[in-house]
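K.L.:
Would you mind keeping the following structure in view while I ask a few things?
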Amino acid sequence: MQKPSENIRLNQVGFYPNAVKNAFVVGMEGQEFSLRDVKTNQVVLKGKLGPILTSPYSGKKSRVADFSSVQKVGKFVLEVPSVGVSYPFEIKSEIHKNVTTSAIRGFYYQRASVALPEKFAGKWARPAGHPDDNVLIHPSAVSEGRPEGSAISSPRGWYDAGDYNKYIVNSGVTMGTLLSVYEDFPVYFKNLKTNIPESQNAVPDLLDEVLWNLRWMLTMQDPADGGVYHKLTNPRFDGMIMPDACKNPRYVVQKNTIATLDFVAVMAQASRVFKAFEKQLPGLSDSCKVAATRGWNWAQKNPSILYKQNEMNAKFDPDVVTGGYEDKDGSDERIWAAAEMYVTTKNEDYLKNISFETDKPMPLPSWSQVKALAYYTMIRHEKQLGPVDQQYLRSIKKSVTDFSDDLLKDMEQQPYHTVMGKTAKDFAWGSSAVASNQGIALIQAYKLTKDKKYLDAALGNLDYILGRNATGYSFLTGFGSKQVMHPHHRPSIADGIVEPVPGLLSGGPNPGQQDKCEGYPNKFADESFADVDCSYASNEIAINWNAPFVYLAAAMEALSSK
Ligand code: 9MR
Ligand code: 9MR
């Protein structure tokens, strides 16, 4: 068979039978396309390419091949005379099931303090690393009963990203997103198995995975006063070595308001979710609520302690130069924590002095911006909220649908007909998470309106991540014909295995190119991606990117099975 052309861009995994199905042909060659069934060699559809579209970043031309009318299950290729043939792809139900389970398993591979046996990790099995049972109190973090140089035990948790540190702020948005996909689609997760050590127990696998990080987070709260440490970290990043080879000392550093509020929100939400598993996990829900309440009280007493790494390093030794996650504005974390506390406890005091700020446009979630998570939670639990809440709810719902309507505007003029990439700021560090979080907002709008246009656009962003984009890559490791092979991910670099650890979402195009790596094709925002392992600015993986991807893929699976 002909070698596939890189100029035909499409979801390299495939399509649901009754979904919109688009491929994009880059360049001006060709006029017509045909869809061929690989097994029977029959052409099942002939069509014409759509009007010329132009990338606002590179000026490159593209045209759509719309084969939505083909609902036949099977394996296909798209052929465009004088361009070539596409990568093969499938049309079938549950097309993103493996993508979903693999992306959840991505978290399993990020587990700290435990060995990953072959039974669960396959050829990526590895010994335990970072036991974190002797973590030093950094001088920035001393408190009553925890003097400098004393040690605590703070095992488990997920490695944040390509590095091996564990950061509370980034755990916040990650856990909030994973708990939310569970709350939004509990039936879907009830029987979804991901082949992890806990798969045989009576708790859904997604929640078992979440527990691995939840139990770590609980150890990050200072028992003396309820404040929460910013991170558990080396002073400087480990080398490009396997977890078990890492021997650097680890510290917990400075408690602060934003980390504490993120912790509060997660614990309040977890308390709600795990309430239903009281039999399997006795006391957990209550422990989470107690931890959340203590954290909330600490944050009330300490409303504006910010984490500023350079200032900390000027005062204390050793210097800490790992990921900063320095957020200067805690107002959104306060809104999120308040909303989660309120929904869990039904105590209206938590909403005192809280404005949902719906007069401003809804901001997309990220590690430093969590206001929308509060909106989603209020909407999700609307039936349990009292009549006083209806006024908030109306404006919150409007924020979500307004945001989504803005996303949809001019979508058909975009070079890949995706909402992702309409504005240059979409191509931030971790742009794959921008695409995923846009997808979540659209799914929220769909849930509110039942208007399928939002769902189609969300699926378009999933297509974007799996290959319908200006780079031609599928950004989830292990999936697609043109795969990411060299993510900035220490185990993938150090394990001697050709394939990277699967189920991890690469950051994606980022014209900032802060890593100054060689390998970027150019500076165009939508193409600024380098599949080289030095490229932490475009090709790292991170838990806060995997989580919204899990949400998007799982939601599409759950909603398309209806
Ligand atoms: O590996 C680190 C990655 O996780 C971070 O995102 C990135 C930016 O903070 O830093 C990486 O570490 C690099 C460090 O910043 C500079 N020296 C080389 C390190 C490995 O590439
Ligand atoms: O995702 C973070 C991005 O928004 C920041 O611009 C960048 C530089 O501060 O840091 C990213 O987070 C990294 C963290 O600091 C350390 N672990 C790896 C994270 C992903 O690159």
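K.L.:
Condition first: outside any loop (DSSP other than H, G, I, E, B) and surrounded by fewer than 24 Cβ atoms within 10 Å (Cβ to Cβ). Now tell me which residues in the range 161-196 satisfy that. Quick ask: steps written out before the conclusion?
P.N.:
Going through the range 161-196, the residues outside any loop (DSSP other than H, G, I, E, B) turn out to be 161, 166-184, 186-190.
Ser180, Tyr182, Glu183, Asp184, Pro186, Val187, Tyr188, Phe189, Lys190, listed by residue number.
K.L.:
Is the range 250-272 home to any residue that is without any contact (Cβ under 8 Å) to a residue 24 or more places away in the chain and either in the same structural domain as Ser113 (by TED's automatic domain parsing) or in contact with a Phe, Trp or Tyr (Cβ under 8 Å, 6 or more places away or on another chain) (or both)? Steps first, please.
P.N.:
Keep residues of the range 250-272 that are without any contact (Cβ under 8 Å) to a residue 24 or more places away in the chain, which gives none.
Taking every residue of the range 250-272 in turn, none turns out to be without any contact (Cβ under 8 Å) to a residue 24 or more places away in the chain and either in the same structural domain as Ser113 (by TED's automatic domain parsing) or in contact with a Phe, Trp or Tyr (Cβ under 8 Å, 6 or more places away or on another chain) (or both).
K.L.:
Now for a different question. So which of Thr358, Thr401, Thr423, Thr418 ends up being of a type in the set (Val, Ile, Thr), farther than 19 Å from Ala270 by Cα, assigned by TED's automatic domain parsing to the domain that holds Ser271 and surrounded by fewer than 17 Cβ atoms within 10 Å (Cβ to Cβ)?
P.N.:
Details: Thr358 fails: surrounded by fewer than 17 Cβ atoms within 10 Å (Cβ to Cβ); Thr401 fails: surrounded by fewer than 17 Cβ atoms within 10 Å (Cβ to Cβ); Thr418 fails: surrounded by fewer than 17 Cβ atoms within 10 Å (Cβ to Cβ).
Answer to the check: Thr423.
K.L.:
I've got another one for you. Residue under question is Lys46, and the condition is that it be over 18 Å from Arg468 (Cβ atoms), in a strand (DSSP E or B) and not small (Gly, Ala, Ser); does it hold?
P.N.:
Numbers: over 18 Å from Arg468 (Cβ atoms): yes; in a strand (DSSP E or B): yes; not small (Gly, Ala, Ser): yes.
So Lys46 passes the test.
K.L.:
Mind counting the residues in the range 285-311 that are within 16 Å of ligand 1 (Cβ to nearest atom) and in contact (Cβ under 8 Å) with a residue 24 or more places away in the chain?
P.N.:
Counting residues in the range 285-311 that are within 16 Å of ligand 1 (Cβ to nearest atom) and in contact (Cβ under 8 Å) with a residue 24 or more places away in the chain gives 1.
Yes/no per residue for (1) over 15 Å from Ala339 (Cβ atoms); (2) crowded, with 24+ Cβ neighbours inside 10 Å:
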residue	(1), (2)
Ser368	yes, no
Ala374	no, yes
Arg380	no, no
Gln384	no, no
Gln414	yes, no
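K.L.:
So His488 ticks every box in (1) away from ligand 2 (no atom under 16 Å from the Cβ); (2) crowded, with 24+ Cβ neighbours inside 10 Å; (3) under 19 Å from the mean Cα position of the chain (by Cα) but one. Which box is left unticked?
P.N.:
Evaluating His488 over (1) away from ligand 2 (no atom under 16 Å from the Cβ); (2) crowded, with 24+ Cβ neighbours inside 10 Å; (3) under 19 Å from the mean Cα position of the chain (by Cα) leaves (1) as the failure.
K.L.:
Which residue out of Arg236, Arg215 is surrounded by fewer than 17 Cβ atoms within 10 Å (Cβ to Cβ), away from ligand 2 (no atom under 16 Å from the Cβ) and closer than 22 Å to Ser150 by Cα?
P.N.:
Numbers: Arg236 fails: away from ligand 2 (no atom under 16 Å from the Cβ).
Arg215 is the lone residue from the list that is surrounded by fewer than 17 Cβ atoms within 10 Å (Cβ to Cβ), away from ligand 2 (no atom under 16 Å from the Cβ) and closer than 22 Å to Ser150 by Cα.
K.L.:
It is to be established whether one or more residues within the range 304-316 are under 18 Å from Val370 (Cβ atoms), assigned by TED's automatic domain parsing to the domain that holds Thr174 and buried (at least 21 other Cβ atoms within 10 Å of the Cβ).
P.N.:
yes
K.L.:
Select from the range 491-504 the residues that are in a loop (DSSP other than H, G, I, E, B) and within 16 Å of ligand 2 (Cβ to nearest atom) and list them in ascending order. Before the answer, list the steps.
P.N.:
Initial filter on the range 491-504 (in a loop (DSSP other than H, G, I, E, B)): 495-504.
Of everything in the range 491-504, those that are in a loop (DSSP other than H, G, I, E, B) and within 16 Å of ligand 2 (Cβ to nearest atom) turn out to be Pro500, Val501, Leu504.
K.L.:
Ok, one more. Can you name the residue in the range 113-142 that is in a strand (DSSP E or B) and in contact with a Gly (Cβ under 8 Å, 6 or more places away or on another chain) and is also farthest from ligand 2 (Cβ to nearest atom) among such residues? Break it down stepwise before answering.
P.N.:
Our first condition is that a residue be in a strand (DSSP E or B); within the range 113-142, this holds for 116, 126, 135-137.
Pick out the ones that are also in contact with a Gly (Cβ under 8 Å, 6 or more places away or on another chain) and you get 136-137.
Values: Leu136: 20, Ile137: 22 Å.
Here the residue is Ile137.
K.L.:
Something else: For the range 496-514, give me each residue that is over 16 Å from the mean Cα position of the chain (by Cα) and away from ligand 1 (no atom under 16 Å from the Cβ). Walk me through it before giving the result.
P.N.:
Looking only at the range 496-514, we keep the residues that are over 16 Å from the mean Cα position of the chain (by Cα), and these are 496-501, 510-514.
Of everything in the range 496-514, those that are over 16 Å from the mean Cα position of the chain (by Cα) and away from ligand 1 (no atom under 16 Å from the Cβ) turn out to be Gly496, Ile497, Val498, Glu499, Pro511.
K.L.:
Given the conditions (1) touching a helix residue (DSSP H, G or I) at 6+ places or on another chain (Cβ under 6 Å); (2) modelled with pLDDT of 95 or more; (3) more than 16 Å from ligand 2 (Cβ to nearest atom); (4) within 24 Å of Ala372 (Cβ to Cβ), and given that Trp298 satisfies all but one, which numbered condition is not satisfied?
P.N.:
(4)
K.L.:
When you look at Asn248, is it under 26 Å from Thr233 (Cα atoms) and either surrounded by fewer than 20 Cβ atoms within 10 Å (Cβ to Cβ) or among the β-branched types (Val, Ile, Thr) (or both), yes or no? Lay out the reasoning, then the answer.
P.N.:
Values: under 26 Å from Thr233 (Cα atoms): yes; either surrounded by fewer than 20 Cβ atoms within 10 Å (Cβ to Cβ) or among the β-branched types (Val, Ile, Thr) (or both): yes.
Criteria met by Asn248.
K.L.:
Among the numbered conditions (1) buried (at least 23 other Cβ atoms within 10 Å of the Cβ); (2) within 26 Å of Arg105 (Cα to Cα); (3) within 16 Å of ligand 2 (Cβ to nearest atom), tell me where Asn256 comes up short.
P.N.:
Only one criterion is unmet by Asn256, namely (2).
K.L.:
Is the range 233-246 home to any residue that is in a loop (DSSP other than H, G, I, E, B), among the aliphatic types (A, V, I, L, M) and farther than 30 Å from Ile497 by Cβ?
P.N.:
Looking only at the range 233-246, we keep the residues that are in a loop (DSSP other than H, G, I, E, B), and these are 234-242, 246.
Filter once more, keeping what is among the aliphatic types (A, V, I, L, M): 240-242.
Narrowing the set further to residues that are farther than 30 Å from Ile497 by Cβ leaves none.
No: the range 233-246 contains no residue that is in a loop (DSSP other than H, G, I, E, B), among the aliphatic types (A, V, I, L, M) and farther than 30 Å from Ile497 by Cβ.
K.L.:
If you don't mind, another one. Taking the stated definitions as given, is Asp533 within 14 Å of ligand 2 (Cβ to nearest atom) and acidic (Asp, Glu)?
P.N.:
Judged against the criteria, Asp533 is a match.
K.L.:
When you go through Gly512, Gly507, Gly480 one by one, which is the residue that is on the phi > 0 side of the Ramachandran plot and either of a type in the set (Gly, Ala, Ser) or more than 15 Å from ligand 2 (Cβ to nearest atom) (or both)? Break it down into steps so the answer makes sense when it comes.
P.N.:
Working: Gly512 fails: on the phi > 0 side of the Ramachandran plot; Gly507 fails: on the phi > 0 side of the Ramachandran plot.
When all the criteria are applied, what remains is Gly480.
K.L.:
All but one of (1) away from ligand 1 (no atom under 16 Å from the Cβ); (2) in a helix (DSSP H, G or I) hold for Asn546; state the number of the condition that does not hold.
P.N.:
Result: Asn546 passes all but (1).
K.L.:
Which one of these is within 16 Å of ligand 1 (Cβ to nearest atom) and either at pLDDT 95 or above or outside the structural domain of Tyr551 (by TED's automatic domain parsing) (or both): Asn134, Asn170, Asn195?
P.N.:
On the way: Asn134 fails: within 16 Å of ligand 1 (Cβ to nearest atom); Asn195 fails: within 16 Å of ligand 1 (Cβ to nearest atom).
It is Asn170.
K.L.:
Starting from the range 407-434, take each residue that is part of a helix (DSSP H, G or I) and list its partners that are acidic (Asp, Glu), counting only C-beta distances under 6 angstrom and pairs at least six apart or across chains.
P.N.:
What qualifies is Val434/Asp426.
K.L.:
I need the full set of residues from the range 76-129 which are crowded, with 19+ Cβ neighbours inside 10 Å, charged (D, E, K, R) and closer than 16 Å to Phe479 by Cα, in order please.
P.N.:
Scanning the range 76-129 gives a single hit, Arg105.
K.L.:
I would also like to ask the following. Do we have Tyr454 as in a helix (DSSP H, G or I), more than 17 Å from the chain's Cα centre (by Cα), hydroxyl-bearing (Ser, Thr, Tyr) and not assigned by TED's automatic domain parsing to the domain that holds Lys61 here? First the steps, then the outcome.
P.N.:
Numbers: in a helix (DSSP H, G or I): yes; more than 17 Å from the chain's Cα centre (by Cα): yes; hydroxyl-bearing (Ser, Thr, Tyr): yes; not assigned by TED's automatic domain parsing to the domain that holds Lys61: yes.
Yes.
K.L.:
Only residues that are in contact (Cβ under 8 Å) with a residue 24 or more places away in the chain and within 15 Å of ligand 2 (Cβ to nearest atom): list them for the range 313-328, please. Lay out the reasoning, then the answer.
P.N.:
Going through the range 313-328, the residues in contact (Cβ under 8 Å) with a residue 24 or more places away in the chain turn out to be 315-323, 325, 327.
Passing the criteria: Val320, Val321, Thr322, Gly323, Tyr325, Asp327.
K.L.:
I want to confirm something. Restricting to the range 93-112 and keeping residues that are of a type in the set (Gly, Ala, Ser) and part of a loop (DSSP other than H, G, I, E, B), which single residue is farthest from Ala555 (Cα to Cα)? Before you say what the answer is, go through the steps one by one.
P.N.:
Of the range 93-112, the ones of a type in the set (Gly, Ala, Ser) are 93, 102-103, 106, 112.
Then keep just the ones that are part of a loop (DSSP other than H, G, I, E, B); that gives 93, 112.
Numbers: Ser93: 14, Ala112: 28 Å.
Residue satisfying both the conditions and the ranking: Ala112.
K.L.:
Yes or no: the range 278-294 includes at least one residue that is crowded, with 19+ Cβ neighbours inside 10 Å and within 16 Å of ligand 2 (Cβ to nearest atom).
P.N.:
Within the range 278-294, none of the residues are crowded, with 19+ Cβ neighbours inside 10 Å and within 16 Å of ligand 2 (Cβ to nearest atom).
The values are calculated or read from the model by the stated rules, or taken from the named source; none is laboratory data. Quantities reported herein were computed from a predicted structural model and do not represent experimental measurements. Note that we place each Cβ from the backbone using ideal geometry, even for glycine, and neighbour counts take in every protein chain shown.
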